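Quick notes on the structure that follows.
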Amino acid sequence: MEEEIKQLKKFFQTSFAKCNSLADLDGLQQNFLGRKGFLTLLFKNLVNLDVNLRGKYGKGLNQVKKSFADLLTQKKQELESKGRQEQMKSEFYDFTLPSHQDPYGSLHPISLISYELEDIFSAMGFEIMDGPHMESDYYNFEALNFPIDHPARDMQDTFYLDNNLLLRTQTSAIQIRAMEMHKPPLRVVGPGKVFRAERVDASHSPVFHQIEGIMVDRQISVANMIYFLKMVLGKIFKEEVQTRIRPGYFPFVEPGFEMEMKCLICSGKGCSACKNAGWVEILGCGLVHPNVLGKVGVDAKSYSGFAFGVGIDRLAMMRYNIADIRLLHGGDLRLAYQFSIPRGNHK
């Protein structure tokens, strides 16, 4: 048994010297330590020895096994290192090239404008409120001075539902809910998605976004409203914008106005976004109608106020020079990638 152990150690040294690959090393491991390997068979033959000799030769075999495992690890590291060096010599890598990474994401342009609007109005003392997409006829029309037989209802191409509700055509319904909850003086804005059965073109969509607000206090005038809205538009576009107002009809305000701004996409020269007029209708506004105040129990003789509604989608088009509203709702990643966070600026 001693002679076999000596020969085994010598054979180990010779066999390891002949291993030139990891495959050779795996074969050597199987020949010695596999189920039918030479060292495994020697361990099994220990049962045939005298009891006094089993411990002595078993200890010797364990020493041989440990030496083999150490040599195996050492040889494996040498072959792996050699393989990496040969691979680097045979393959060329330009380590100066930028690594491939997925682009960083960002918020949608409509979300960017919406959050910025909320920050602006919050800083001006307005409360941000929300409301349901499915509204009752009362909140969407009747409480806003649209009687059941009023022809102005036909202006808003409404989606009516089978459950006696409708998809809200304006976020003005939030103003009614706000005045039911709070007594004047109050300042509230309600951003959100609205729905109208409109034909799709470069500036119209059946689904779009609005932010509508109301301010009710004593001695509110048209002059207060115009100054306020021009200041808000200036904060949004980071510059003084050229605006004009013209009379407009909205049943819930009297008098009513439509405010237009010079198209920032074409600088007033005319394009598809402004229908070649050079001006874009950006919001509707006016002094709150006394009938609306009366519906929520506010004394129209003591209080007055103004209301306004801004199309968030059109603000995004003007702010980011997007000429077609369909791009905002089409899910085209080429648009989204323009608003991804630059590398190194992400948090």
>> Could you tell me which residue out of Y57, Y139, L315 lies farthest along the dipole of the chain toward its positive end? Charges go on the beta carbon: Lys and Arg +1, Asp and Glu -1, centred on the Cα centre.
In response: Y57
> What relative contact order, as a whole-number percentage, does the chain give when Cα pairs under 8 Å and 6 or more residues apart are counted?
Replying inline: 15
> Of the listed peptides 170-181, 230-241, what is their order by residue-averaged count of other C-beta atoms within 10 Å, with the highest listed first?
Replying inline: 170-181, 230-241
> Is any helix in the chain, taking whole DSSP H runs, at least 30 angstrom long along its axis by alpha carbon and on average at least 1.0 on the Kyte-Doolittle scale, and which ones?
Replying inline: none
> Over all distinct Cα pairs, what is the inverse of the mean 1/r for region 181-321, reported as the Kirkwood hydrodynamic radius in Å?
Replying inline: 16.0
>> Within a 10 angstrom radius of the beta carbon, how do H329, H289 rank from fewest other beta carbons to most?
In response: H329, H289
> Which Cα, out of H182, I236, I148, lies furthest along the positive dipole direction of the chain (beta carbon charges, K/R +1, D/E -1)?
Replying inline: I236
> For the peptides 89-95, 163-169, what is the packing order when you average, over each peptide's residues, the other Cβ atoms within 10 Å and list the highest mean first?
Replying inline: 163-169, 89-95
> When the dipole is taken about the Cα centre of the chain, and only Lys, Arg (+1) and Asp, Glu (-1) are charged at their Cβ, what size is it in debye, to the nearest 20?
Replying inline: 2120
> Label-point separation (nm) for V222 and E116, each offset 7 Å from Cα along Cα-to-Cβ?
Replying inline: 3.0
> Mean residue ellipticity at 222 nm from the helices of the chain, using -39,500 (n - 2.57) per DSSP H segment of n ≥ 4 over the full residue count, to the nearest 500 deg cm²/dmol?
Replying inline: -13000 deg cm²/dmol
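The numbers here are math on the coordinates, done by the rules we state, and not lab data. What you see is a predicted model, and the numbers here were worked out from it, not measured in a lab. Positions of Cβ are generated from backbone atoms using ideal geometry, with glycine treated the same way; all protein chains shown enter the neighbour counts.
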